[in-house]
Amino acid sequence: MKIIIYVMSPDKNYERRIALSELLEKMPFEFEFMSINDDVELTPDAISKNHDSKRAIDALGRDLTRGELASTFNHMLCFKKFLDSKSDIAIILEDDVDFIVDELICVIELLTKKIVNKNNHHVYLLTPVISYLNNKSISLNKDYKVVEVVQSLDSAGYIVNRETAKKLLSVNSKAWFIMDDWVRYKRHANVNVFSVIPPILKQDMVTFKSNLMNSRNNAIKSRTLKYVVTRISYKILADAKKYFWLMPFKGYVRNKDV
């Protein structure tokens, strides 16, 4: 299978590009830096065309911030670029990730040989997740395994095939939730989300601060009736499933480090 790496990185993040290029050049895969043009894609008209504000407010209790829209549009751009390519598998990275080259190569080769195929609607996260199921985990080698994800809010590094990219792109093409909301992608795109344990990628939060954290913390809340009712309903169902099914029968694990 032909593999390509897409790295989301605006031109202004020059230091991040240099740092990551030094790692990626040691890998046997083609890679490309990607970024939307903020001056074009984040104008009021463009946002209105490519963003469903009402649906976001009903789903999240607030609208997406400009930074969240930029992030989501960048992921969508990677999917489109991937689907226009002849590659079978895409590895999507954000530009603040850090990793050990030999270990990442090893994990990618094991995943693509043993698990990842061209047809399944699966996502494979390479970063820490909030919770996962330990039962029916698949061993890659003595150091790594693949588990089913329950919850994660991290899109800094993951693997998709073409069929999965189509589904992720379709369900959020008019953006109404941010890319790292994998629970919502599982629910609305009908994809299965898995993770490598222990995670092979981490975000360098010391050198590079998150671009989204400040804008998220300052976002204006807007609790519509639909949001309140939907959130309560989903929470009740999710808690019942967790305590009466996942914890006693599926090996539910809560990652305390996330």
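Any read-out appearing in this document is the output of simple, stated calculations on the displayed coordinates, not a laboratory observation. All figures in this text were calculated on a predicted structure; none of them were measured in a lab. Glycine gets a Cβ as well: all are built from the backbone with ideal geometry, and neighbour counts include every protein chain shown.
In a fully extended conformation the segment linking Thr43 and Lys174 would gain 45.7 nm over its present Cα-Cα distance, using 0.36 nm per residue. Taking each of Lys12/Lys235; Lys2/Lys241; Lys12/Lys145; Lys174/Lys235; Lys26/Lys145; Lys2/Lys235 in turn, the alpha-carbon distance tops 31 angstrom for Lys12/Lys235; Lys2/Lys241; Lys12/Lys145; Lys2/Lys235. Each listed q (0.17, 0.21, 0.28 Å⁻¹) maps to a log10 I(q)/I(0) for segment 147-198, found by the Debye formula over equal Cα scatterers with no solvent: -0.49, -0.75, -1.35. Restricting the calculation to Cα atoms, segment 46-87 yields a radius of gyration followed by a Dmax of 12.6, 39 Å.
In this simple spin-label model, placing a label point 7 Å from the Cα along the Cα-to-Cβ direction at both Asp143 and Glu163 gives a separation of 3.1 nm. A simple spin-label model places pseudo-atoms 7 Å from Cα toward Cβ; at Ile232 and Met1 they are separated by 4.4 nm. With runs of 4+ DSSP H residues as the only contributors, calculate the mean residue ellipticity of the chain at 222 nm using -39,500 (n - 2.57) per run, divided by the residue total and rounded to the nearest 500. Value at 222 nm, helices only, nearest 500: -12000 deg cm²/dmol.
In the chain, the DSSP beta bridges split such that about 60 percent are antiparallel, to the nearest 5. A crude spin-label estimate for the pair Glu30 and Ile100, with each label 7 Å from Cα along the Cβ direction, gives 3.0 nm.
Relative contact order of the chain, taken over Cα pairs closer than 8 Å and 6 or more residues apart, is 27 percent.
Computed over the alpha carbons of the chain, Rg followed by Dmax gives 18.2, 52 Å.
Of all the options Lys174, Lys26, Lys202, the one that moves most in a Gaussian network model of the chain with Cα springs shorter than 10 angstrom is Lys26.
Using only side-chain charges placed at the Cβ, +1 for Lys and Arg and -1 for Asp and Glu, the dipole size of the chain relative to its Cα centre rounds to 1460 debye. Under 10 Å, Cα contacts only: if you run a Gaussian network model on the chain, which one of Asn190, Asn119, Asn74 comes out with the highest mean-square fluctuation? Maximum fluctuation in the GNM of the chain, among the listed residues, is at Asn119.
Across Arg231, Arg162, Arg184, mean-square fluctuation computed from a Gaussian network of the chain (C-alpha pairs under 10 Å connected) peaks at Arg231. Placing unit charges on the Cβ atoms of the charged side chains and taking the dipole of the chain about its Cα centre, the candidate lying farthest along the positive direction among Ala70, His122, Asn190 is Asn190.
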